[in-house]
1. Give me the 1.4 Å probe accessible area per residue for the chain, excluding ligands and nucleic acids, in Å².
2. Given a cut-off of 25 Å, name the pairs among Lys144/Lys255; Lys68/Lys255; Lys154/Lys255; Lys68/Lys92; Lys68/Lys144 whose C-alpha atoms lie farther apart than that in the structure shown.
3. Could you calculate the FRET efficiency of Arg266 with Glu125 from 1/(1 + (r/R0)^6), where r is the beta carbon distance between them and R0 is 25 Å, rounded to 0.05?
4. Under the Karplus relation 6.51 cos²θ - 1.76 cosθ + 1.60, θ = phi - 60°, what is the ordered set of whole-Hz ³J(HN,Hα) values for the stretch 23-28, x standing for Gly and Pro?
5. At a 10 angstrom cut-off on C-beta neighbours, averaged per residue, how do the peptides 18-25, 200-207 rank from highest to lowest?
6. Summing -39500 (n - 2.57) over the DSSP H runs of n ≥ 4 in the chain and dividing by its residue number, what mean residue ellipticity at 222 nm do you reach, to the nearest 500 deg cm²/dmol?
7. Spelling out what I want: for every residue of the stretch 90-101, take phi, set θ = phi - 60°, compute 6.51 cos²θ - 1.76 cosθ + 1.60 (Karplus), and round to whole Hz; glycine and proline get x.
8. So for the chain, considering every pair of alpha-carbon atoms, how many percent are separated by more than 27 Å?
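The values are calculated or read from the model by the stated rules, or taken from the named source; none is laboratory data. From a predicted model like this one, the values you see are computed outputs, not experimental measurements. Heads up, the Cβs are rebuilt from the backbone with ideal geometry, glycines too, and the neighbour counts pull from every protein chain shown. Surface accessibility is based on the protein's heavy atoms, side chains included, excluding ligands, DNA and RNA. Shrake-Rupley method; radii C 1.70, N 1.55, O 1.52, S 1.80 Å.
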Amino acid sequence: MQKNQDWSSFQVTNQIFDTAFSAVQAGRACLLGYFGKINNIQEKQKADLVSEADKASEDLIKQLLFEKFPDFDFLGEETHFSEGGQKMAPSKKPRWILDPLDGTTNFVHQFPIFCISLALEVNEEIVLGIIDMPMLNQTFTAIKGQGAFCNGKKISVSGCTEISKAFMTTGFVPTDIEVLKQQLVIFNHFVWLARAIRRPGAAAYDLAMVASGVFDIYWEADDKPWDVAAGILLVSEAGGLTTTYTGQKFNSFEKSIIAGNPKIVREFQQQLKLALI
């Protein structure tokens with residue numbers, strides 16, 4: 001590939017999709033091999049764990065991707081931390097964005113809600129997303145403009161139109177005390193309005209469940225690109241809407257996210273303003 005290649009007409013080919021899919025499936029096998037057998041656990045920051053499974057999964061997936069597409073850029077959670085923080089500025093080349101194990105704390109405690117999230121970003125836009133849930137035997141896939149699927153079956157966001165009937169999901173980790181305080185204020189507001197709120201502990205899982213119509217809406221602050229990149233494409237291709245807390249168009253590098261079916265997202269935004277007064 002040429003260093004100054006024009007990527008404006010980039011398309012996700014069968015080879016790109018098949019390589020990404022196969023790499024994620026290899027990551028699944030890797031994680032299942034470690035499940036219940038973790039010996040080395042480290043704390044990156046408060047309430048944020050990393051295990052040998054995270055590192056092994058990322059190394060394997062990254063290797064398989066680079067074998068086929070050595071000129072693509074790569075942004076991975078574990079590589080990011082091990083190298084002291086990669087620069088997250090926009091890439092001029094196609095870039096893989098990977099979370100090799102979203103839900104590490106769940107994984108360590110043998111709670112089966114965890115997943116692999118892999119996205120491909122081109123010209124600052126996500127064009128391919130895969131979220132795999134090893135213990136549930138579910139693989140969610142999306143290519144921009146081609147719909148969203150779970151194990152090959154097309155999925156769509158829910159048709160819920162009332163906050164009072166909404167099944168919501170969120171997350172919060174005490175790494176930033178001010179963000180946590182805000183999240184608890186929002187949670188306290190909506191727990192009285194919604195049908196129910198869940199906190200599974202893996203953002204990619206939450207977004208996949210929104211895309212498939214299980215959850216009506218997801219919100220969170222301080223997610224990282226690898227947490228949400230694949231999921232936001234899934235939600236969009238499933239007919240959903242993703243915005244920031246302030247209603248701006250969401251991208252993988254924003255600091256807050258609301259994702260769900262468009263009707264509930266708009267109602268949520270109105271209630272959010274009341275919650276944060």
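1. Accessible area per residue: 46 Å².
2. Lys68/Lys255; Lys154/Lys255
3. Rounded to the nearest 0.05, the efficiency is 0.60.
4. 5, 5, 5, 5, x, 4
5. 200-207, 18-25
6. After summing the helix terms and dividing by the residues of the chain, the value is -11500 deg cm²/dmol.
7. Values, residue by residue: x, 9, 7, 10, x, 9, 6, 10, 10, 10, x, 7 Hz.
8. 36 percent
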